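The numbers here are math on the coordinates, done by the rules we state, and not lab data. What you see is a predicted model, and the numbers here were worked out from it, not measured in a lab. Neighbour counts run over all protein chains shown; Cβ positions are idealised from the backbone, glycine included.
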Amino acid sequence: MSAPLLSLENVGHAFGGFTVLREVALDVPKGEIVGLIGPNGSGKTTLFNIISGYVRHRSGRIVYDGVEMRNQTIQQRSYAGMVRTFQTPMVFEKMTVLENVMVGCNKITSSGMVEGLLSLPRARKEAKAMREQAEMYCEKFSLSSVAHQLAHNLSAGQRRILEIARAVVGKPNLLLLDEPSSGLNPDEIDELDRSIRALNDAGLTILLVSHDMDLMSVARRVHVLYFGRIIASGSMEEIQANPEVREAYFGS
Amino acid sequence: MATRSIVILVIIAAIALAVPPFLPRSVVDLLVFSCIYSIAGLGVGLLLGQCGIANLGQSVFYALGAYATAYMTVTLGVGAAWGFLTGVILSGLIALVIGWPVLRLTGHFLALATLALGIVANALFYEWDWLTHGSLGFGGIPKLNIFGLVIDTPLRFYYLAGAVLALCLLASANLIGSRTGLMLRAMRDAPEAAKSLGINAQWLRTRIFILSAIFGSIAGSLFAHYGSFVNVQSFGIEKAIAFLIIPVLGGATSLPGVVIGALFTTLVPEMLTRFGDLHQVLFGLTLMATVVLMPSGLMGGLASLSRYMTARGRA
């Protein structure tokens, strides 16, 4: 196994005096899907916010692609290839679905304001390339039929899919998915399952946070977070057989 | 659809070019002000419609442009181009220095900060009368002379200001359709998600603030040349509010809306003057009625009307 793409070493965090994460250590190897489960309030979202840069951790190290991330801003982490989705999908409401996906091309384009104002060749070329790329991804994620609608009009399921399409159009190395199946109907979950596997087959590394045990089967390795501590790690079968996990998580 | 927009645009341009020579001088005068205010309002409109920022400080940059022109052409006696250039550079720099820290704020706090900027700057314009000549003002600002053609009638000035406005509108339309325009709207709709896609919100907002200030300054320089006189009363808070009303009234996300908003704020008060002292109250009421009845501005109102007509036509 090669060096992990993302490695958490003894990450700890507290809000005020309340400890939410203690000495969390986990690796996300390149090209794999890693799952993170845990009951509400176990610290999953905080851990996610720490990895993506929305919250700065108190102790420990987060090493991504060989670089310590502590002082890197959200944007720097994004440019380094890390991109996330949100527990409550955050789409650009007053923009069309196609435009939403075009925004995802931000990192693979670079023309600036003055070029835009004067409509210089590079700005025009990039705008065209962004549109083509976005159209391709709308097609890939079955969003073509709604491409020219405002994102505001999408169903909960379509919003999740749009967030993922928008995240991956910019060619990230690590996709962080926060509860991607919540609010989806069974058909949509199947679709999501297929999308995640397809993205992974194409070489994308994924860290998946979810309640959904069925969806978790896409992950080769799963970590269980319980009151800010990782209490078990392994394949989904091992996790489900672990007595401590059954006690803590499944309540039996 | 695109062809229809082009046809409408051509018709409007033809009217804007062909009709004013037959209008009375006083109306052409109002049209000149509509053009000038449209340019300043366009800057505010870009901030409001594309970034969701309410700017109550545009009068500052309008004043900077006007004073730069007055100082360069009267005190130093150099060509008009230097006035425009100095105003644009000064406004851009000040917008950068003020925008960088202030644009960290959001919502009402940011609107209040820009209001404070307007108030402080106005007080400074009063105090620094060695530079601004305070309330006495600067007189004798020369008429513009473009390759030998002296812009000395309202009609000539109208064509000049209209051309400048058209260029500013064209540049803004380009910007909105470009990568930068997309990122702006993304940031406006969901700033947290935009960050995750690598968008640097603060720097992007600062750049649009600078652009807005530059539009304000160009408008101010034009104003100084047109009236050939500027004094501090022209740059009060009422002016800043007027520049914000223009895009709000017209429809903040719409570029033509800015022009319509500017026409409204210059023509309607004039039409109401026949009612004597009551005209300001009437203007206030008209304004309120418009905003209440057409929350997405006059352009939004027109769009709903045209949808309604099409629907009725089909039925």
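Below are the figures for this structure:
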quantity	calculated
Per residue convex hull volume, Cα atoms of segment B:108-235, in Å³	145
Cα long-axis angle, helix A:121-140 against chain A (0 to 90 degrees, to the nearest 10)	50
Binned Cα-Cα distances of chain A, short to long, each 5 Å bin given as a whole percent	1, 6, 13, 16, 18, 16, 12, 8, 5, 2, 1, 0, 0, 0
Three-way shape label, segment B:165-315, alpha-carbon gyration tensor, a/c 1.5	oblate
Fraction of antiparallel bridges per DSSP, the protein assembly as shown only, in percent to nearest 5	60
Beta bridges by DSSP in chain A, antiparallel share as percent, to the nearest 5	55
Of the DSSP H helices in chain B, those whose Cα atoms cover at least 15 Å axially and whose Kyte score averages 0.5 or more	B:2-18, B:25-45, B:58-70, B:80-102, B:107-127, B:154-177, B:201-227, B:237-250, B:255-272, B:279-293
Least to most buried among A:M136, B:M294, B:M183 (fewest other Cβ within 10 Å first)	A:M136, B:M294, B:M183
Net charge of Cβ neighbours under 13 Å - reference A:N173; Lys, Arg +1; Asp, Glu -1	+3
Nearest-ten-degree value, helix A:156-168 long axis tilted from longest Cα axis of chain A	80
Helix-only mean residue ellipticity at 222 nm for the protein assembly as shown, each DSSP H run of n ≥ 4 adding -39500 (n - 2.57), per residue, nearest 500	-18000 deg cm²/dmol
Under 30 Å from the Cα of A:K107 - lysines, other chains or at least 8 residues apart	A:K30, A:K44, A:K94, A:K125, A:K128, A:K140, A:K171, B:K195
Relative exposure of B:T266, B:T153, judged by other C-beta atoms within 10 Å (fewest first)	B:T153, B:T266
Three-way shape call for segment B:1-149 based on the alpha-carbon gyration tensor, with the a/c threshold at 1.5	oblate
Rounded if a/c under 1.5, otherwise prolate or oblate - segment A:27-174, Cα gyration tensor axes	oblate
Between 0 and 90°, nearest 10: helix A:186-201 axis offset from chain A longest Cα axis	80
